[in-house]
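Asks: Here you go, one structure.
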Amino acid sequence: MFSNITSYLCVKSKNEIENKHPEAMARIRGTVRVDIEKCKGCAVCVAACPFDVLALSRQVNGKGYPYAEQSHPDSCTGCANCAVVCPDTCITVYRQRDQNA
Ligand code: SF4
Ligand code: SF4
């Protein structure tokens with residue numbers, strides 16, 4: 001139930017960003033760093049990402065949990081949805097202006 005609500009909000013957020021601020025979408029690139037050893041593999045961040053950047057790794061951390069990683073890093077906008085929803089503050093988001101835009 002919670003993931004469905006989250007997905008709905010993220011799709012709505014993505015559409016609002018694209019419709020109202022297309023120039024911002026084109027000029028800002030993001031990347032995230034996941035603290036692998038803190039991650040418990042709950043996948044809340046995976047569901048919250050509006051651009052399908054994140055996925056759970058096939059590898060596990062020292063506690064035996066699959067951890068979040070970037071499966072499509074070029075799609076990251078730095079929106080920080082993933083960092084906001086992570087219950088264990090495992091994600092740090094970095095944003096930079098795209099010099100090619
Ligand atoms: S910062 Fe936004 S686009 Fe990038 S991985 Fe996190 S939720 Fe996805
Ligand atoms: S929300 Fe946080 S703890 Fe859960 S999979 Fe993502 S990074 Fe790991």
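Every number in this text was worked out from the coordinates using simple rules, so none of it is lab data. These numbers were taken from a predicted model, which means no experiment stands behind them. As a convention, Cβ positions derive from the backbone with ideal geometry for all residues, glycine included, and neighbour counts pool all protein chains shown.
Asks: Within region 66-77, restricting attention to residues that are farther than 13 Å from Val34 by Cα and more than 7 Å from ligand 1 (Cβ to nearest atom), which residue is surrounded by the fewest Cβ atoms within 10 Å (Cβ to Cβ)?
Replies: The extreme case among them is Asp74.
Asks: Taking region 80-101 as the search range and keeping residues that are touching a strand residue (DSSP E or B) at 6+ places or on another chain (Cβ under 7 Å) and farther than 13 Å from Val34 by Cα, which one is surrounded by the most Cβ atoms within 10 Å (Cβ to Cβ)?
Replies: Arg95
Asks: Restricting to region 78-101, what's the tally of residues that are touching a Gly at 6+ places or on another chain (Cβ under 9 Å), near ligand 1 (Cβ under 7 Å from one of its atoms) and touching a residue at least 60 places away in the same chain (Cβ under 8 Å)?
Replies: The total comes to 2.
Asks: Could you please find all residues in region 53-101 being acidic (Asp, Glu) and within 14 Å of ligand 2 (Cβ to nearest atom)?
Replies: Glu69, Asp88
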